[in-house]
Structures are given as C-alpha cells and as structure tokens.
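Quick notes on the structure that follows.
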Amino acid sequence: MSMLKEFKDFAMRGNVVDMAVGVIIGGAFGKIVSSFIEDVITPLLLEPALKAANLEKIEELTIFGSVKYGMFLSATINFIIVAFVIFLFIKALNSAKKKEEAAPAAPPAPSNEEVLLTEIRDLLKK
C-alpha cells in the first residue's frame, strides 16, 4: 500500500501536473504550427518553388527518387516557428519578472525606539 501512496504523491506533485498540461498544450500547439506551415507559409512563400518542381506539397520534394528532403524541410520550418514562439514567450516572461523585481520596495518605517531617539536628539539640539 505504501508504494501506491508514494506513486500518488509523485503524480500529484505540482511539477508533474504542470508538465502534463504543458505536453497537452504543446501537442495542440504543434497542430496549429503544422496547419500554419501547410495552409499559410507553403501557399504564400513556397508556392513558386513547388510549382517549378511540379509539386503540390513541400513533403513531396525528393532527391534521387527516394530521399524525401521535403519532409525534413517541413519539420525544420515547424521547429523554427515553434522555437521562435517559445523564445518570444520566455522573453515576455523574463521582462515581466524584471519589472516586478525592479519596483523598489518602500523603505521600512522607523521603529518606535528610533522615533523616540530622534525626538530626544532634536530636543537636545535646541
């Protein structure tokens, strides 16, 4: 029974749950990026090159008849876009953290003893 309890503690730990959410969102984001490549980038930017090669999809690009370098190009474009978006996201998070840290904390109020000592000093000066 203790092994089951240990597993439950491990599975419910915050990092594991956060990682699971990240994997699920990452999978969905991967589909969005793939659609962006196939439905936006390829028709707009790669259409002339594909038409010159008599192809409809970048994945159909081959060399020596069987080496599908088009698949590699598609995966590379997907990776670059995902990496760039993650870079922008991390950069935004870091700048938000810097703004939080940069806000100066208000100086602590003097204690009662310091206030009394200041009053005594001022009275002695007079």
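The values are calculated or read from the model by the stated rules, or taken from the named source; none is laboratory data. All values derive from a computational prediction rather than experimental measurement. Because the Cβ atoms are built from the backbone with ideal geometry, glycine has one as well, and the counts that use them run over all protein chains shown.
Enumerate the helices (runs of 4 or more DSSP H) found wholly within the stretch 38-126, keeping only those where 2 or more residues are more than 25 Å from I25 (Cβ to Cβ) and under 34 Å from the mean Cα position of the chain (by Cα).
Details: elements: 47-52, 69-102, 112-125.
Counting at least 2 such residues, we get 47-52, 69-102.
Would you mind stating whether S74 is out of contact with any helix residue (DSSP H, G or I) (no Cβ under 6 Å at 6 or more places or on another chain) and not aliphatic (A, V, I, L, M)? For S74, the condition - out of contact with any helix residue (DSSP H, G or I) (no Cβ under 6 Å at 6 or more places or on another chain) and not aliphatic (A, V, I, L, M) - is not met. Checked against the criterion of being out of contact with any Leu (no Cβ under 9 Å at 6 or more places or on another chain), modelled with pLDDT under 75 and surrounded by 11 or more Cβ atoms within 10 Å (Cβ to Cβ), the stretch 90-101 contains not a single residue that satisfies it. Inspect the stretch 37-53 for any residue being free of Cβ contacts under 8 Å to residues at least 12 places away in the same chain and of a type in the set (S, T, Y) and give the result as yes or no. Scanning the stretch 37-53 turns up no residue that is free of Cβ contacts under 8 Å to residues at least 12 places away in the same chain and of a type in the set (S, T, Y).
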